[in-house]
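The values are calculated or read from the model by the stated rules, or taken from the named source; none is laboratory data. Because the structure is predicted, anything quoted here is derived from the model rather than measured. Cβ coordinates were reconstructed from backbone atoms using ideal geometry, including for glycine residues, and neighbour counts include every protein chain displayed. Remember, those area values only see protein heavy atoms, side chains included, never the ligands or the DNA or RNA. Shrake-Rupley method; radii C 1.70, N 1.55, O 1.52, S 1.80 Å.
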Amino acid sequence: MAWVVLVLSGMLEAVWATALSASENFTRKRPTVVFALSLILSMVGLAWAMTSLPTGTAYAVWVGIGATLTVVWGFFTGSETFTWLRGLLLVLLVGSVVGLKVVS
């Protein structure tokens, strides 16, 4: 169950990172509220997962999921430029996250 919560928390990290950017320095209400709620839920989930998973592994997986999804969202919205090298590096990042799960 800790891994499920950790993955969901990593997904919420991507939500709050994207909402933070969309909040335009906290001047837009809806993205600011989404940022605050997703940040709290993401941190609570990470903290809970760390009660039964190694801290370093949990944190690396959380950051890896959040960073990957944030960049992929940027590809879809056009705020990030896709290149094959960036795609390859994201595949390596996801592979590393999966590898941490496999060896834990």
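Do any chymotrypsin sites (Phe, Trp or Tyr not before Pro) in segment 22-51 lie in a loop, going by DSSP, with at most 13 other beta-carbon atoms within 10 Å of their beta carbon, and if so which? The partial results should precede the final answer.
Working: sites: F26, F35, W48; in loops: F26.
Taking segment 22-51 and a limit of 13 other Cβ atoms within 10 Å, the loop chymotrypsin sites (Phe, Trp or Tyr not before Pro) found are F26.
Just grab the label-to-label distance for R86 and W73, each label 7 Å out from Cα along the Cβ direction, in nm (one decimal).
The answer from the label model is 1.5 nm.
Check each of the GluC sites (Glu not before Pro) in segment 7-92 and keep only those in coil by DSSP with at most 14 other C-beta atoms within 10 angstrom; list them in order. List each step's numbers first, then the result.
Working: sites: E13, E24, E80; in loops: E24, E80.
Filter output for segment 7-92: E24, E80.
If you take the beta carbon distance between K101 and R30 as r and set R0 to 35 Å, what does 1/(1 + (r/R0)^6) give as a FRET efficiency, to the nearest 0.05?
Values: r = 34 Å, r/R0 = 0.97.
For K101 and R30, the calculated efficiency is 0.55.
When the helices in the chain are scored as -39500 (n - 2.57) per DSSP H run of 4 or longer and the sum is shared across all residues, what 222 nm value do you end up with, to the nearest 500 deg cm²/dmol? Mind showing how you got there, number by number?
Details: 4 runs with 85 residues, N = 104.
It comes out at -28500 deg cm²/dmol, rounded to the nearest 500.
Given a 1.4 angstrom probe, what's the average accessible area per residue across segment 35-86, in square angstrom?
Heavy-atom accessible area per residue stands at 60 Å².
Which label marks the calculated value of Rg and Dmax of the Cα atoms in Å, given the options (i) 14.4, 44; (ii) 16.8, 65; (iii) 13.0, 39?
Answer label, from the structure shown: (i).
Mean-square fluctuation check for the chain, GNM, Cα pairs under 10 Å: which of L93, L20, L85 is largest?
Of L93, L20, L85, the Gaussian network model singles out L85 as fluctuating most.
Pick out, from T51, M11, S96, the residue whose Cα sits farthest towards the positive end of the charge dipole of the chain, with +1 on the Cβ of Lys and Arg and -1 on the Cβ of Asp and Glu.
Farthest towards the positive end: M11.
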